[in-house]
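Report on one structure; see the data block that follows.
The values are calculated or read from the model by the stated rules, or taken from the named source; none is laboratory data. Bear in mind the structure is a predicted one, so any value in this text is a computation, not a measurement. Counting neighbours? That spans all protein chains shown, and the Cβs are built from the backbone with ideal geometry, glycine included. Heads up: the accessible areas ignore ligands, DNA and RNA and are worked out on the full protein's heavy atoms, side chains in. Shrake-Rupley method; radii C 1.70, N 1.55, O 1.52, S 1.80 Å.
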Amino acid sequence: MDRLEILGLPLDPVGMEAALKRIEGFLKANTTHQVVTLNPEIAVRAQEDKALKEAIREAELITPDGVGILWAVKRLRGVALRERVTGVDLTLALLERFPGIRVYLLGGKPGVAERAAAEAKRLGAEVVGFHHGYFQEETTIVEEIREKAPDLLLVGMGEKQEVFIHRHKARLGAKVAIGVGGTLDVLAGEAKRPPVWAQRLGLEWLLRVGLDPKRWKRAPRLFRFAYMVLRETR
């Protein structure tokens with residue numbers, strides 16, 4: 001299926017298997033391919049953040065991350081997507097699909113990336129490097145990643161991750177770079193995923209926001225996303 005557009009942003013209508021096949025092709029190339037897992041919060045921020053919008057529009061793969069995106073695609077484009085492709089699910093699927101894949105992990109508080117790297121190694125990846133997300137000088141980090149030349153670069157730097165990848169895309173030397181949000185925290189054991197029933201019902205985001213006061217300030221973006229979709233529908 002051809003690429004769709006919602007709220008001025010591109011979206012590839014792929015499920016997990018299709019996303020994995022696309023990335024398998026990326027892994028055979030010699031240039032860096034950016035993957036964005038698009039969720040409602042990112043979609044709202046991109047309306048005012050030109051750098052983020054450009055990063056999304058120039059990404060080689062944009063997957064539907066979140067039930068809000070599935071709902072928006074159905075309402076705005078009449079297309080019923082069957083599943084979400086979230087950052088954590090995609091990461092785990094890649095580690096399972098490609099044993100020995102060379103991975104660099106970037107992000108999280110000091111110590112998180114190191115523990116996440118140990119878990120990635122346990123899951124079968126070859127970890128070529130890791131670094132926390134609290135750094136000021138980007139050039140040194142980019143040079144280190146380029147030197148390691150990973151197959152897969154996992155960037156968990158919150159709101160900065162997509163723009164960071166896009167800004168340095170030509171110099172990263174990675175075959176695939178994905179902004180994975182809190183995935184490193186999950187791998188490191190810092191954060192637990194909601195119960196399977198919540199994941200299946202697509203309520204993962206609701207539990208995360210409801211149970212973590214630090215996320216409460218982000219909730220208005222979810223309501224704004226719904227408003228934007230309903231307004232465009234009218």
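Could you tell me whether Arg57 is among the charged types (D, E, K, R) and surrounded by 16 or more Cβ atoms within 10 Å (Cβ to Cβ)? In short, no.
Just one of the listed residues (Glu159, Glu147) is among the charged types (D, E, K, R), in contact with a strand residue (DSSP E or B) (Cβ under 9 Å, 6 or more places away or on another chain) and either in contact (Cβ under 8 Å) with a residue 24 or more places away in the chain or open to solvent by less than 10 Å² (accessible area, probe 1.4 Å) (or both), and it is Glu147.
Taking every residue in the range 43-64 that is under 14 Å from Leu11 (Cβ atoms) and pairing it with any residue that is in a helix (DSSP H, G or I) and aromatic (Phe, Trp, Tyr), at least 6 positions away or on another chain, the pairs with Cβ-Cβ distances below 7 Å are Ala43/Phe225; Glu60/Phe26.
Table: residues versus (1) over 16 Å from the mean Cα position of the chain (by Cα); (2) under 19 Å from Gly66 (Cα atoms).
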{"residue": "Glu147", "(1), (2)": "yes, no"}
{"residue": "Pro150", "(1), (2)": "yes, no"}
{"residue": "Leu153", "(1), (2)": "no, no"}
{"residue": "Lys160", "(1), (2)": "no, no"}
{"residue": "Phe164", "(1), (2)": "no, no"}
{"residue": "Gly182", "(1), (2)": "no, yes"}
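Taking the numbered list (1) more than 17 Å from the chain's Cα centre (by Cα); (2) farther than 21 Å from Met16 by Cα; (3) at pLDDT 95 or above; (4) among the aromatic types (Phe, Trp, Tyr) in turn, Phe135 passes all entries but (3).
Of everything in the range 16-42 that's without any contact (Cβ under 8 Å) to a residue 40 or more places away in the chain and of a type in the set (A, V, I, L, M), which residue is farthest from Arg84 (Cα to Cα)? Out of the qualifying residues, it is Ala18. For the range 1-33, filtered to residues that are of a type in the set (A, V, I, L, M) and within 18 Å of Pro150 (Cα to Cα), the residue that is surrounded by the most Cβ atoms within 10 Å (Cβ to Cβ) is Ile23. State whether the residues of the range 91-114 include one that is assigned to a helix (DSSP H, G or I), in contact with a strand residue (DSSP E or B) (Cβ under 9 Å, 6 or more places away or on another chain) and open to solvent by 30 Å² or more (accessible area, probe 1.4 Å). Yes, that holds for at least one residue.
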